[in-house]
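What follows is a single structure, written as structure tokens, with notes after it.
The values are calculated or read from the model by the stated rules, or taken from the named source; none is laboratory data. All of these numbers come straight from a predicted model, not from anything done at the bench. For neighbour counting, all protein chains shown are included, and Cβ atoms are generated from backbone atoms with ideal geometry for every residue, glycine included.
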Amino acid sequence: MNITRIEDKCNEVVVELESSDVIKLGFKVRHMSRILNFKIISINDDVFYSRNADVSAQKMKEILNMHFCATTYKLHIDYKSIPQSGEQLKNEIQNDIKEGYDGIFTIGGTGVSARDITYEVVNAFCEKKIPGLMEYIRVKFGEENPHALLSRSIAGINGSTLIYTIPGSKKAVIEYMEILLKTMEHIIHINNGLGH
């Protein structure tokens, strides 16, 4: 099969074939990308109760869309704002795993205060932990800002669902996603049995 032209569009790849015993010359073949289903859960009392704009979640959605636009994947991103409640977070993640999301991103609740419950809840769901990701991020950004070392962010897998916990600031979202996106597609491939 000889490919004469590949037109790469955001979220769509059009391939024209030179010849084929099944497809006739000049036919256009469209690769229909698998849709990745992601969920962003914002754990922030201020956002939940005041209905202020969730700038951190908006930034994460923007980063995910920009990154995956340049790949063959299409994205569907759902969003939920909840208060800092361990029970609500537990129920949300439990339902999201049952729904079969490819990735769950929590924003907020990763610190050391009494209200920061994200680590405890998410840790219980991680069948496989990926400690190197968050350790690296803490060290990398902790050199400039020692407070970054206090983050109790965690990354792990439950079944075929990736789970990442990220601190609540917009700056943290940008920093964490810069690193997490470097391995995310690889983990998704492995999680779906597509090998290394």
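Is it the case that some residue within the stretch 52-64 is at pLDDT below 95, at positive phi and out of contact with any Phe, Trp or Tyr (no Cβ under 7 Å at 6 or more places or on another chain)?
No, every residue in the stretch 52-64 fails to be at pLDDT below 95, at positive phi and out of contact with any Phe, Trp or Tyr (no Cβ under 7 Å at 6 or more places or on another chain).
This table checks each residue for (1) on the phi > 0 side of the Ramachandran plot; (2) in contact (Cβ under 8 Å) with a residue 60 or more places away in the chain; (3) within 13 Å of the chain's Cα centre (by Cα).
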{"residue": "A124", "(1), (2), (3)": "no, no, no"}
{"residue": "Y136", "(1), (2), (3)": "no, no, no"}
{"residue": "V139", "(1), (2), (3)": "no, no, no"}
{"residue": "E143", "(1), (2), (3)": "no, no, no"}
{"residue": "R152", "(1), (2), (3)": "no, no, no"}
{"residue": "G156", "(1), (2), (3)": "no, no, yes"}
{"residue": "M177", "(1), (2), (3)": "no, yes, yes"}
{"residue": "K182", "(1), (2), (3)": "no, no, yes"}
{"residue": "I190", "(1), (2), (3)": "no, no, no"}
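Of everything in the stretch 147-184, what is out of contact with any strand residue (DSSP E or B) (no Cβ under 9 Å at 6 or more places or on another chain), of a type outside the set (G, A, S) and within 22 Å of Y73 (Cα to Cα)? Give them in sequence order.
Of everything in the stretch 147-184, those that are out of contact with any strand residue (DSSP E or B) (no Cβ under 9 Å at 6 or more places or on another chain), of a type outside the set (G, A, S) and within 22 Å of Y73 (Cα to Cα) turn out to be I174, E178, I179, L181, K182, T183.
Considering only residues that are within 19 Å of Y101 (Cβ to Cβ) and of a type in the set (S, T, Y), look in the stretch 31-55 and name the one that is farthest from the chain's Cα centre (by Cα).
Filtering the stretch 31-55 for residues that are within 19 Å of Y101 (Cβ to Cβ) and of a type in the set (S, T, Y), the one farthest from the chain's Cα centre (by Cα) comes out as S33.
Would you confirm whether or not the stretch 90-104 contains a residue that is farther than 18 Å from D78 by Cα, buried (at least 18 other Cβ atoms within 10 Å of the Cβ) and at pLDDT 95 or above?
no
Just to be sure I understand, how many residues within the stretch 34-50 are surrounded by 15 or more Cβ atoms within 10 Å (Cβ to Cβ) and hydroxyl-bearing (S, T, Y)?
Counting residues in the stretch 34-50 that are surrounded by 15 or more Cβ atoms within 10 Å (Cβ to Cβ) and hydroxyl-bearing (S, T, Y) gives 1.
I'd like to verify a number: residues in the stretch 51-76 that are assigned to a helix (DSSP H, G or I) and either surrounded by 17 or more Cβ atoms within 10 Å (Cβ to Cβ) or in contact (Cβ under 8 Å) with a residue 12 or more places away in the chain (or both), how many?
12
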